[in-house]
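All of the numbers you see were taken from the coordinates with simple rules; none came from a lab. This structure is a prediction, so every number in the text was calculated from the model and none was measured. Please note: Cβ atoms are built from the backbone with ideal geometry, for glycine as well, and neighbour counts cover all protein chains shown.
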Amino acid sequence: MSRLDSFLRRMGAQRDSLNWVAPRLEGLEGDVIEMGLGNGRTYDHLRELFPDRRIWVIDRALNCHPSCVPPEELFLQGEAEHMLDDLHARGVRAALIHYDFGSGTDMVDQAESRRLSPHLAQVVVPGGYVVSGQPMAGMTQMKGPDHVDPARYMIYQL
C-alpha cells in the first residue's frame, strides 16, 4: 500500500471513529482534548462535532492552518505529560480525548502512548472515551465502526 493510500485509510478511520463516538457522548459531562494539533484538520472536525464543548489542544508547537488556531487559553504548548497533569490538577475532566501523536516509527510511538496512557486516564470521566491511532496501556479496546480496522484506529471507553 502506498503511503498516500495508508494516509487516506488512517484519516477515514479517524473521522469515522470520532463520528461513531460523538453521539455516545450525549449526557456525558466533560470537555474534549485534542492531542496533536498538526495542521488543525481534526481539531476543526471536533469543533463541528462538539460546538458546545470546550476543546483543549495539546501540542509541542502551533503550526496549524490559520482557520484552525484554538483560543489561546485552550492551547497548551509543551510536553503532553505535564499538560495532562496540569489539567488534572485544575480539575478539568474530559468526555473524549483524541490521541493523535505519532512520528511514524511504531516502536517510538507505541512507547510514548504507553507512557502517556495513565496521564490520559486521570482526566477522562467515568464512561468517557479515548480515540487513538496508537494502542493505549491499561485500557480495554472496544469495537467501533464495523468498517474500521481495530488495528488502524482504536476506541477505548473508561
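Here are the numbers:
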item: Cα centroid of region 1-27 to Cα centroid of region 39-79, whole Å; result: 17 Å
item: Cβ crowding within 10 Å averaged over residues, with 51-59, 143-151 ranked highest first; result: 51-59, 143-151
item: Net charge, residue 8 excluded, C-beta distance under 14 Å - Lys, Arg +1, Asp, Glu -1; result: +3
item: Paramagnetic reach from residue 5 in region 130-149 [backbone N under 17 Å; point 7 Å along Cα→Cβ]; result: 149
item: Percentage relative contact order, region 3-157, counting C-alpha pairs under 8 Å, at least six apart; result: 26 percent
item: Stretch gain in nm, segment residue 77-residue 60, where the contour uses 0.36 nm per residue and the Cα spacing is subtracted; result: 5.6 nm
item: Cα-based shape type of region 58-149, given that a ≥ b ≥ c are square roots of the gyration tensor eigenvalues and the cut on a/c is 1.5; result: rounded
item: Protection proxy ranking of 8-19, 69-80 - average other beta-carbon atoms within 10 Å, highest first; result: 8-19, 69-80
